[in-house]
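Some notes on the structure that comes next.
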Amino acid sequence: MNRPLIIALDFKSRDEVDLFLKQFPNEQLFVKVGMELFYQEGPSIITHIKNQGHKIFLDLKLHDIPNTVKQAMKGLAKLEVDLVNVHAAGGKKMMEAAIEGLTLGTPLGKTRPACIAVTQLTSTSEKMIQEDLLITEQLDSVVLHYAKLAQESGLDGVVCSTHEVKRLNSELGRSFITVTPGIRMEGESSDDQSRVATPQLAKRLGSTCIVVGRSITKQQNPYKAYMKVKNAWEENEK
Ligand code: C5P
């Protein structure tokens with residue numbers, strides 16, 4: 001995966017997606033489709049976006065018994081998306097089953113979608129870990145443990161905070177993908193994200209790819225905003 005910038009299509013409907021995408025007539029984008037859009041529009045939204053030449057991260061965060069996840073992943077692979085994910089909390093057997101399902105569902109001659117694990121949601125606090133989940137370890141140890149488990153299960157990487165990337169890279173190697181949301185340009189509001197980073201910092205810390213939503217989708221000129229974020233993300237490569 002060559003360090004893409006992924007735009008979070010946090011829209012309610014196909015019409016909203018179309019309005020947004022038509023502002024990028026000559027760009028091949030990498031977009032993220034989450035639960036909100038997928039559950040409203042169904043699998044046809046994937047075909048619709050793919051037909052326009054864009055790459056897709058289908059962010060459904062699967063978490064169920066191994067066989068159910070395997071069968072679900074088999075179906076998702078048939079949609080020929082590029083990236084999918086599961087919750088690492090589902091355990092090693094479930095993550096292995098996810099890879100098995102993806103491999104089975106990938107059409108002949110095509111590449112299996114990459115699969116990453118959510119270690120802990122960014123909405124999970126230290127307090128929640130201890131009081132709700134009764135986990136006595138510190139949040140960062142839990143994140144590292146889940147990431148190791150994901151790697152042992154054959155997954156390709158994790159979704160994590162930019163601030164966890166350095167440690168994960170040094171413990172698990174640079175080829176293990178780190179996908180980092182919570183990206184904001186200098187001086188922008190962080191909204192509901194608690195630990196944000198600029199694209200430049202994400203790059204310096206070693207993120208494989210960044211996920212950017214509102215800094216592009218909610219701007220008056222999304223194309224201009226996209227180019228600004230893209231230039232900042234690719235800055236050191238030039
Ligand atoms: O608008 P913003 O850039 O904050 O959007 C970030 C996107 O990344 C949203 O789609 C959000 O659901 C997603 N995400 C996240 N934190 C995670 C996993 C996914 O913000 N840990």
Ascending count of other beta-carbon atoms within 10 Å, so fewest first, for T180, T208, T217: T217, T208, T180
Cβ-based exposure ranking for M94, M35, M73, in which fewest neighbours within 10 Å come first: M35, M94, M73
Amide H contacts under 5 Å for V31, placed H, 5+ residues apart: I7, K55, I56, F57
For region 5-234, average projected area of the Cα convex hull in nm²: 12.6 nm²
Phi to ³J(HN,Hα) by Karplus 6.51 cos²θ - 1.76 cosθ + 1.60 over region 67-84, Hz, x for Gly, Pro: 5, 5, 5, 4, 5, 5, 5, 4, x, 5, 4, 5, 6, 6, 7, 9, 8, 9
DSSP-loop GluC sites (Glu not before Pro) across region 151-238, with at most 15 other Cβ within 10 angstrom: E186, E188
Calculated from backbone phi, Karplus (6.51, -1.76, 1.60) coupling profile of region 103-111 in Hz, x at Gly/Pro: 5, 5, x, 6, x, 3, x, 9, 8
222 nm mean residue ellipticity, helices alone, for the chain (DSSP H n ≥ 4; -39,500 (n - 2.57); rounded to 500): -12000 deg cm²/dmol
Centroid-to-centroid separation of region 90-157 and region 187-233 [C-alpha atoms, Å]: 24 Å
Neighbour-count order for R112, R174, fewest beta carbons within 10 angstrom listed first: R174, R112
Long-range amide H partners of T198 with built H, under 5 Å: R184
Environment charge at H63 (Cβ cut-off 15 Å; Lys +1, Arg +1, Asp -1, Glu -1): +1
Phi-based couplings in Hz for region 154-165 (Karplus 6.51, -1.76, 1.60; Gly and Pro marked x): x, 6, 8, x, 9, 8, 8, 6, 3, 6, 9, 4
Long-range amide H partners of L60 with built H, under 5 Å: N85
Modelled FRET efficiency - R0 30 Å, Y223 with Q138, Cβ distances, 0.05 increments: 0.10
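Just so you know, all these numbers are worked out from the coordinates, no wet-lab data involved. If you're wondering where the values come from, they're calculated on a predicted model, not measured in any experiment. Cβ: placed from backbone, ideal geometry, glycine included. Neighbour counts: every protein chain shown.
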